[in-house]
Amino acid sequence: MNRPRQNLIIDADDTLWENNLYFEAAFADFVNFLGHSHLDAAQIRAIFDEMEIANIRVNGYGAANFARNLTNCYRRLAEREIRDEDIKQVLQFGQRILDQPIELLDGVAETLGYLSAHHELTLFTKGDAEEQNWKIERSGLSRYFVHTAVVREKDAPAYAQLVAERSLEPARTWMIGNSPKSDVNPALAIGLNAVFIPHTMTWSLEQQEILAEANGRLLRLDRFAELRDHF
């Protein structure tokens, strides 16, 4: 069946490949190393999230900044003398994220191969540009995209700028991703369509209620491979 050619803007982390599970594993190791006498993991996470929100505004995203935030949290919460070797250990929890393999989600490569033959694909991701471009290169997926953009924040102005730069028609442009905050809501807010593909490990700070006024412009799928059934 022939379908009209669409502009598909596709997220990277936790849409194309695993990402947040490595951050969660690092945080779990941090909590165990901290060994706090009365704060449980959820309470430590709440404190850490507050620090992340504040520091992201200054330093942005990425494994290096996550590691820096872990050390700041350790300095604040440690109940023992803070030694240089302890700080090095905490940094290592974050830095080892960069050593993890790029693990594509199920059906991603095959689905991108199909979609790129029928539609125009743009890879749109946020974070540290060097780190994100390094992951894209390692993934082997760049050949499926006609354009790649790495931005500091994926908000409505960033989407509006991408649409203007690429001369995209909103009515036939879809943002595809796992994050309500960075993928779905800002795209819907500027009049684009969106495909929401939830991931069980989506970062808590990327969770939001999805805009109610989508008016038929939102598609919810369980798996990335299901895109072939709709595009």
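Remarks
- Test: Thr71 is among the β-branched types (Val, Ile, Thr), out of contact with any Asp or Glu (no Cβ under 8 Å at 6 or more places or on another chain) and either free of Cβ contacts under 8 Å to residues at least 24 places away in the same chain or assigned to a strand (DSSP E or B) (or both): yes
- Restricting Phe48, Phe93, Phe66 to those that are in contact with a Gly (Cβ under 7 Å, 6 or more places away or on another chain) and either more than 21 Å from Ser142 (Cα to Cα) or open to solvent by 70 Å² or more (accessible area, probe 1.4 Å) (or both) reduces the list to Phe66.
- Among all positions in region 178-189, there is at least one residue which is within 20 Å of Tyr22 (Cα to Cα) and in a loop (DSSP other than H, G, I, E, B).
- Checking each residue in region 146-176 for being among the small types (Gly, Ala, Ser) and either open to solvent by 60 Å² or more (accessible area, probe 1.4 Å) or in a helix (DSSP H, G or I) (or both) picks out Ala156, Ala158, Ala160, Ala164, Ser167, Ala171.
- Considering residues of region 199-228 that are assigned to a helix (DSSP H, G or I) and at pLDDT 95 or above only, the residue surrounded by the fewest Cβ atoms within 10 Å (Cβ to Cβ): Arg228
- Yes/no for Gln132 being in a helix (DSSP H, G or I), open to solvent by less than 60 Å² (accessible area, probe 1.4 Å) and not hydrophobic (A, V, I, L, M, F, W, C): yes
- Failed item, numbered, when Tyr61 is tested on (1) buried (at least 16 other Cβ atoms within 10 Å of the Cβ); (2) at pLDDT 95 or above; (3) part of a loop (DSSP other than H, G, I, E, B): (2)
- Candidate set: region 103-127, residues that are open to solvent by 40 Å² or more (accessible area, probe 1.4 Å) and not in a helix (DSSP H, G or I); chosen: the one farthest from Leu16 (Cα to Cα): Glu120
- Of the candidates Ile56, Ile82, Ile47, the single residue that is among the aliphatic types (A, V, I, L, M), in contact with a helix residue (DSSP H, G or I) (Cβ under 8 Å, 6 or more places away or on another chain), assigned to a helix (DSSP H, G or I) and without any contact (Cβ under 8 Å) to a residue 24 or more places away in the chain is Ile56.
The values are calculated or read from the model by the stated rules, or taken from the named source; none is laboratory data. These numbers come from a predicted model, not from an experiment. Heads up, the Cβs are rebuilt from the backbone with ideal geometry, glycines too, and the neighbour counts pull from every protein chain shown. Note: accessible area is taken over every heavy atom of the protein model, side chains too, but ligands, DNA and RNA are not part of it. Shrake-Rupley method; radii C 1.70, N 1.55, O 1.52, S 1.80 Å.
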